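See below for the structure under consideration.
Values quoted throughout were computed directly from the atomic coordinates according to the rules given, and no laboratory measurement underlies them. Since the structure is predicted, the reported quantities are computational estimates derived from the model, not experimental observations. Methodologically, a virtual Cβ is constructed for each residue, glycine included, from the backbone with ideal geometry; neighbour enumeration extends over all protein chains shown.
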Amino acid sequence: MKLFLLIDDHEIVRSGLKNVLLELFKPCEIMEAYDERTALVQLKAHHFDLVIMDVQMPETDTAGLMEYIKNRYPGSRVLIFSMSPENVYAKRFFRAGAMGFLSKNSSVSELKKALELVLKDRKYISESLAEQLAAEIGSQQPDNPFEKLSSREFEIANLLMNGKSGTDISELLSINSSTVGTHKARLFEKLDVANLPELIELGRLYKLNLHGG
């Protein structure tokens with residue numbers, strides 16, 4: 001019997017995923033978590049066949065949680081299921097050990113495809129991401145400066161470029177406003193930008209196509 005862990009702060013998303021999993025994998029057992037703390041409790045108590053995880057959740061360092069899972073449970077399979085932009089986040093999570101990145105806008109059939117591939121220890125990559133990766137091969141574009149950023153700095157840069165204020169980011173990531181300010185100053189320095197318009201322009205230059213979520 002397969003055992004799944006759903007990590008998402010939206011109950012309706014977890015409910016929808018449960019219905020799909022129960023239809024596809026009978027019998028199966030499904031555990032749930034809504035933030036980093038509850039996820040760690042479940043991870044320490046069970047050995048999961050598959051972890052399905054969102055990117056942006058309150059009181060959760062998702063990149064850190066991903067690294068923890070791969071270091072502590074190296075055989076674990078993780079599928080990222082998120083509204084966060086695939087072209088911005090997917091490569092980072094693949095490098096951290098995720099086996100797939102699926103948009104919440106995807107069809108149920110695409111979700112089933114991703115689940116089946118990952119459970120067979122194969123990576124799931126969407127057609128749009130595959131096209132992006134193919135376009136990068138042989139590209140003469142210089143190294144992407146956003147790769148210099150830490151996971152947290154990259155997350156804050158993304159939120160800033162999508163119109164979030166320092167207060168918004170502080171509440172969303174459950175960190176102090178002063179911490180947001182420190183990360184903002186560091187990422188501005190690393191990217192050699194002086195203000196938000198320059199940051200947004202740099203994002204466009206490197207085709208991040210940010211759209212929030």
Using helices alone, I'd like the mean residue ellipticity at 222 nm for the chain: each DSSP H run of four-plus residues gives -39500 (n - 2.57), total over residue count, nearest 500. -16000 deg cm²/dmol
Set Lys104/Lys164; Lys26/Lys112; Lys2/Lys113; Lys113/Lys164, cut-off 24 Å on Cα-Cα distance; pairs above it are Lys113/Lys164
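Counting only C-alpha contacts under 8 Å and six or more residues apart, can you give the relative contact order of segment 2-135 as a whole percent?
20 percent
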Size of the dipole of segment 2-135 about the Cα centre, Lys and Arg at +1 and Asp and Glu at -1 on the beta carbon, nothing else charged, in debye to 20? 500 debye
Give me the Kirkwood hydrodynamic radius of segment 145-205 in Å, from all C-alpha pairs, to one decimal place? 11.4 Å
Compute the relative contact order of segment 138-205 as a whole-number percentage, counting only Cα pairs closer than 8 Å that sit 6 or more residues apart in sequence. 35 percent
Alpha-carbon gyration tensor eigenvalues x 5, square-rooted, for the chain, Å: 30, 20, 15
Say each of Thr38 and Arg72 gets a label point 7 Å from the Cα, pointing the same way as Cα to Cβ; how far apart are those two points in nm? 1.7 nm
GluC sites (Glu not before Pro) within segment 1-100, DSSP loop, no more than 14 other Cβ atoms inside 10 Å: Glu59
